Structures are given as structure tokens and as C-alpha cells.
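To start, the structure under review is shown below, and the notes come after it.
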Amino acid sequence: MKDNELLEILKEHGQEHIYEAYQKLDEKGKKKLASQIEKIDWSITDMAGNGEASMQRGRLEPLSALEISEIEKNKTSYEQTGINAIKAGKVGAVLLAGGQGTRLGSDGPKGKYNIGITKDVFIFERLIGNLQQVTDKAGCFVPLYIMTSDKNNDETIAFFEEKNYFGYPKEFVRFFKQEMAPSVDFNGKLYMEDKDSLSLSPNGNGGWFYSMVVTGIIDDVKKRGVEWLNIFAVDNVLQRIADPVFVGATIESGCVSGAKVVRKAEPREKIGVLCLEDGKPSIVEYYEMTEEIINSRQPNGELSYNFGVILNYLFRVDKLEEILNKKMPVHVVEKKIPYIDENGTLVKPEESNGYKFELLVLDMIHMFENCLSFEVKRDYEFAPIKNKTGVDSVESARELLKKNGVEL
Ligand code: UTP
């Protein structure tokens, strides 16, 4: 792109300050910055400050879950169906590990975090251990696709290499990088993180399938004949991966997607609730619900909107391909964004100083015609590590791990 074209684009979007920085660069720097600018989706960055407000919800209705009591009754059949699918190579797992773990405050990949007390227990190690319980039972391996980002890819791969993939066969593990998105200040001005680079950060966990396609990882999925992908977060150390009972129940239900859910601890619990929106499955955040909906109860006294998601989903690959080019909502999120000031000094703010733009995997659910809501026991399957202390922290996860007999 020519300099004057670049200037025009930046002017049009009120980003002339980037052109000033651009003019000071040598040819190599100019090329790098220009290529980042060319990739910007301006319809997204122009949303700064009014994005979330514009997300209107449709008509909400409860979606009943396959509850634990029912699952117990049919467990043998579900498990066998799931094991058969795994043995036939139809199930793959996708670990979403491109996030930055800002709340935990660790700079590196979250999975490298050591939650051990008397010995080393890394988050990645726990997850691989959980997956191995299934692969031992099935007598075969499940391909594991790990999504990273530009910020943590090399360190993640180096860690797996150093730890010899925690005993999992390397040929069943593939890494792929997610897309990056620019960040802006509260006035919508693009931040820079270096003199020749915009402040770019991972674009949320919702673009994972798109990234599988653009990186070519999807070819591996196809080559192996994988029909179902189990998506899960890096930070739940009790995560059951490729759980045969969940896989089997979803297949037997005839649904094209499935979501693990837990019963809400209280009506206002800060958890996304799986329900129906305009007749299709959807995940609605607690702050998007009216008082009436939050408190609505069924005749048996139970909350009508009673099941929250834990970021463990199953998707049918052919259906993922169908929705590949559909637009997903963009979430505008206030964050602490490192940037360089006018003197070129890197500033790491203590408070939120702008917006990042994220796609979220939970929005995918609404793109499918149906979804099996599959209840699991919270204390056995949900120990997220988001913070250092308090709720959803290293401390609370350690307690839950101990409860489940895991030595730390
Ligand atoms: P979170 O929403 O908790 O974000 O991610 P985070 O980046 O890990 O932590 P904070 O908000 O900065 O403290 C839920 C899951 O989605 C993944 C994370 O790695 C985690 O497994 N994720 C998040 C991505 O893979 N990419 C992203 O861009 C964001």
C-alpha cells in the first residue's frame, strides 16, 4: 500500500497519530506497521465504547438439561457410544490456550502455571493427565489441537517439548495460532506497543475454528476423520476431556452440539446460562437477564434458568464448516493494555486504559440449531483458575483438586 493510501485510511478512522509514528520508521518498520494496519477490521475498532450496549437479546425461554439422575440411568450406553466414537477416531479435542491470563497476572502461558504445593503440578500436566484417563480406557489416542497466540506460542511449544508432552504421544498434538486484534484507548485511538507495531492481542476464544481453517490445521482434522471436536478452556484443572459419556449422550441425542453445564449455586451466580433465544440454543450472561427471568421458577420450585456453562463444548465438524463465514458478535472489553507513550517508553497500566475486541466461543452455540445441555457435578468437573486468590483462584482450585484425590 502506498503512503498516501495509508494516510487516507488512517484519517478516515481518526488514527492520524499512527501515521506520525509510521513516518519515523525505516523501510522494514514501515512494512511491518503497514501490514498490521492493512489487516484491521475497521468495523470492529469503530465500535469502541458502544459495542456491548448494541447487543440486543431476543425472546428467552428455558432449555431443559439432561440431568445427572437421567445420565446415571443411561451411563453404560452413553459411555459405550462415546468409546466407540473415540476408537473410530471420530473425536478430537481443542485446548483453548491463547488467552493472556491477565487476572492471574502471570506473563507466560497459563498452562505453565505450577499449582503444586509439595511437587510440581503444571496446569497443562493436569489436563493431559485428565485426557489420558480417557485414552487409557479407550485404548487409543485422541488428537489434541492446542490453540495459542503470537504472544505465547513459542513458549507453549517449548514447554511441551521440555516436558516431553507429559507422556502424551507428540504425533497426536498439533499447535495452531489464533488471530490477533488491535486495542484502542477510551477515545477509540489505536495503541502502539512498539515503535513499529500496534498493540495487538488475541482476538478472544471465539475464532478458534476460523483459525483452524486459516492455519490449515483443519486438514489434519479431516485426514484423521474427526467428526466431533471437544472444545475446552486451559484454566479448569478438573476438566474432563473427550468424556465418553458426554460424547455418547450428545451423539445419541441427535444434537449437533453439546455443552457441559452445572446447576447454578444461586439465582445471581455470575455464570453464562444455557437457554433458548428465539427458539435456538443460546448462552446469556447473568447481567443480560431481567429480574423476572433470573427469579423465574418451574412448578417443582427449581429455577427455570438453572444451568450455567463451564466452557466445555462438543461441536460436529460438518456443522462448524457450515457456520464458518457467519459473522459473530464482537465484545468490546475494558482491559489493561500495555502501550508506548510519546517518548517511546513502554507503560504497563495498573488500571483499565482502553478496549480490546473479542469473539467468544459461547456465541457459537446460538449458530447451531440445537445443543444438548449436559449436567455435570460441579465439584468433580469445575475448578477454574482465573485469579490468584479468592473466587475461581489457585487456592479454590487446589481445594477442589484435593477433594478429588489429586496430590499436590
Ligand atoms: P478467559 O476469558 O478466562 O481469558 O479465557 P484469559 O485470557 O485466560 O484470562 P484473563 O481474562 O486475561 O484474566 C477462557 C479460555 O479461553 C482462552 C483462554 O486461554 C482460556 O482457556 N482464550 C481466551 C483464548 O484461547 N484466546 C483468547 O483470545 C482469549
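The values are calculated or read from the model by the stated rules, or taken from the named source; none is laboratory data. Since the model is a prediction, treat every value here as computed from it, not as a measurement. For neighbour counting, all protein chains shown are included, and Cβ atoms are generated from backbone atoms with ideal geometry for every residue, glycine included. Calculation scope for accessible area: heavy atoms of the full protein, side chains included, ligands and nucleic acids excluded. Shrake-Rupley method; radii C 1.70, N 1.55, O 1.52, S 1.80 Å.
Things worth noting here:
- One residue alone among 58, 98, 105, 111 is touching a residue at least 40 places away in the same chain (Cβ under 8 Å), open to solvent by 20 Å² or more (accessible area, probe 1.4 Å), of a type outside the set (Lys, Arg) and within 16 Å of the ligand (Cβ to nearest atom), and that residue is 105.
- Scanning region 350-363 for residues that are part of a loop (DSSP other than H, G, I, E, B) and within 14 Å of the ligand (Cβ to nearest atom) returns 352, 359, 360.
- Unmet requirement for residue 137, which otherwise passes all of (1) among the charged types (D, E, K, R); (2) more than 16 Å from the ligand (Cβ to nearest atom); (3) touching a strand residue (DSSP E or B) at 6+ places or on another chain (Cβ under 8 Å): (3)
- Of 317, 261, 330, 256, all but one fail to be within 16 Å of the chain's Cα centre (by Cα) and either more than 22 Å from residue 392 (Cα to Cα) or among the basic types (Lys, Arg) (or both); the exception is 330.
- Residue check, residue 388 in contact with a helix residue (DSSP H, G or I) (Cβ under 8 Å, 6 or more places away or on another chain), more than 16 Å from the ligand (Cβ to nearest atom), among the basic types (Lys, Arg) and open to solvent by 10 Å² or more (accessible area, probe 1.4 Å): no
- Close contacts from region 198-217, counting a first residue that is more than 15 Å from residue 150 (Cα to Cα) and a second that is more than 7 Å from the ligand (Cβ to nearest atom) and open to solvent by 30 Å² or more (accessible area, probe 1.4 Å), with Cβ to Cβ under 6 Å and a gap of 6+ residues or different chains, come to 206/328; 206/359; 206/360; 217/174.
- All of 313, 287, 339 fail the test of being open to solvent by 60 Å² or more (accessible area, probe 1.4 Å) and either over 28 Å from residue 226 (Cα atoms) or within 16 Å of the ligand (Cβ to nearest atom) (or both), apart from 287.
- At least 1 residues being touching a Ser or Thr at 6+ places or on another chain (Cβ under 8 Å) and modelled with pLDDT under 95 is the threshold, and among the helices (runs of 4 or more DSSP H) wholly inside region 42-154 not one reaches it.
- Residues of region 147-179 classified as touching a Pro at 6+ places or on another chain (Cβ under 6 Å) and within 16 Å of the ligand (Cβ to nearest atom), total: 5
- Residues of region 297-308 classified as open to solvent by 20 Å² or more (accessible area, probe 1.4 Å) and either touching a helix residue (DSSP H, G or I) at 6+ places or on another chain (Cβ under 8 Å) or touching a residue at least 12 places away in the same chain (Cβ under 8 Å) (or both), total: 1
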